[in-house]
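*Asks:* Starting off with a structure, shown below.
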Amino acid sequence: FPPLRAESGDLAYVGRGAPEGTAEALSAACPGLRVWGPTRAATVLESEKTFVKDFLEVHSIPNPPHKTFGCPSLMSAYISSLPKETRVAIYATGGRRCLSPSRPVAEMTETVLRDLMGGGGDEAAPCIVETCPAGPVLVLLALCDGRTVLPLPPVAVTEEKEEEKGEAKEEAKEERKGKEDGGAPHLSVHCPAHTVASAMQQEIGWMLVQTVDKMAKRGSPYVGILSAKVM
């Protein structure tokens, strides 16, 4: 890190995507500064998808079904075997980078998958395939201090389609060759999500509490904004 110093203020928030170790570096360089953000040991919840999946499974915390593949043809065969209404998201195993957001299985051809996995033959970079049903996505953010969790109002995200007309429709079809959705997706976001049952909110809150509790018990308490997504 370059030399750090606090110009003004008494609180620094370390946002998602900041280099690992930023919280420690700020605390060491500015002793009087209160730093709110994950330590290097706790950033695995943000930066390592493989760790997150293993962590949730070990502690019996619900998470979407998933499989890891290092071969495009095997991954293509698996995705093709899923029900047509299923949607899949693909992540890199060496981080939490989303290679492809939630998309219908019909769009995930072997050619597309090879491109996502770095091209080449079957010795491609491994990826995690996460499956989820079609429908709205519920996102819940929570403020964490390493011990307690303060959930924020839930957010409902729904993918909608906008039908084009006339020439615009024909041009859009050309741009979407190989796709079967027939319309450009748009996201509709609602907060607070009044349609979400309180029981579901409580269940998601429980998942976040369990995650923070287990992280603290492993010696890497999570401080910052934690998110949970339910499909």
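*Asks:* Contour minus end-to-end for V58 and T109, with contour as 0.36 nm per residue of separation and end-to-end as the Cα-Cα distance?
*Replies:* Result for the pair: 15.1 nm of gain on full extension.
*Asks:* Also, I was wondering about something else. In what order, largest first, do R218, R103 sit by accessible area if the probe radius is 1.4 Å?
*Replies:* R218, R103
*Asks:* Enumerate the amide H contacts of R40 below 5 Å, restricted to partners 5 or more residues apart or on another chain; note that Pro and chain-start residues carry no placed amide H.
*Replies:* G21, E24
*Asks:* I've got another one for you. Taking a probe of 1.4 angstrom, what is the accessible area of S27 in Å², to the nearest 10?
*Replies:* Using a 1.4 Å probe on the heavy atoms, I get roughly 60 Å².
*Asks:* Kindly provide the trypsin sites (Lys or Arg not before Pro) of region 51-92 that DSSP labels as loop, not H, G, I, E or B, and whose Cβ sees at most 14 other Cβ atoms within 10 Å.
*Replies:* Loop-located and lightly packed - K84.
*Asks:* Give me the one-decimal nm value for the distance between modelled label points at L143 and K84, 7 Å along each residue's Cα-to-Cβ direction.
*Replies:* 4.8
*Asks:* Another question about this same structure. Which ³J(HN,Hα) values, rounded to whole Hz and listed in residue order, are derived for region 30-37 from phi using the Karplus coefficients 6.51, -1.76 and 1.60 in 6.51 cos²θ - 1.76 cosθ + 1.60 with θ = phi - 60°, glycine and proline given as x?
*Replies:* 10, x, x, 8, 7, 10, 10, x
*Asks:* Full extension from R40 to E20: what is 0.36 nm times the residue separation minus their Cα-Cα distance, to one decimal in nm?
*Replies:* Additional length available on full extension: 6.7 nm.
*Asks:* Tabulate in residue order the Karplus-calculated ³J(HN,Hα) for region 206-216, using 6.51 cos²θ - 1.76 cosθ + 1.60 with θ = phi - 60°, rounded to whole Hz; enter x for Gly and Pro.
*Replies:* 4, 4, 5, 4, 4, 4, 5, 4, 5, 5, 5
*Asks:* Can you work out the Karplus-derived ³J(HN,Hα) for every residue in region 139-149? Use 6.51 cos²θ - 1.76 cosθ + 1.60 with θ = phi - 60°, whole Hz, and x for glycine or proline.
*Replies:* Computed from phi, the couplings for region 139-149 are 10, 10, 9, 9, 8, 10, 10, x, 10, 10, 10 Hz.
*Asks:* Further, regarding this structure: Counting only protein chains, not ligands or nucleic acids, how are E85, E107 ordered by accessible area (probe 1.4 Å), most first?
*Replies:* E85, E107
*Asks:* Label point 7 Å out from L11 along Cα-to-Cβ: which residues of region 209-231 have amide N under 20 Å?
*Replies:* Under 20 Å, as judged by backbone N against the label point of L11, lie 222-227 of region 209-231.
*Asks:* In nm, to one decimal, how far is the L150 label point from the D213 one, both placed 7 Å along Cα→Cβ?
*Replies:* 2.1
*Asks:* Could I have the simple spin-label model distance between S27 and A197, label points 7 Å from Cα toward Cβ, reported in nm to one decimal?
*Replies:* So the label points at S27 and A197 sit 4.1 nm apart.
The values are calculated or read from the model by the stated rules, or taken from the named source; none is laboratory data. Remember, it's a predicted structure, so these values are computed and weren't measured experimentally. Cβ: placed from backbone, ideal geometry, glycine included. Neighbour counts: every protein chain shown. The protein model used for the area step is the full one, side chains on, heavy atoms only, and it has no ligands, DNA or RNA in it. Shrake-Rupley method; radii C 1.70, N 1.55, O 1.52, S 1.80 Å.
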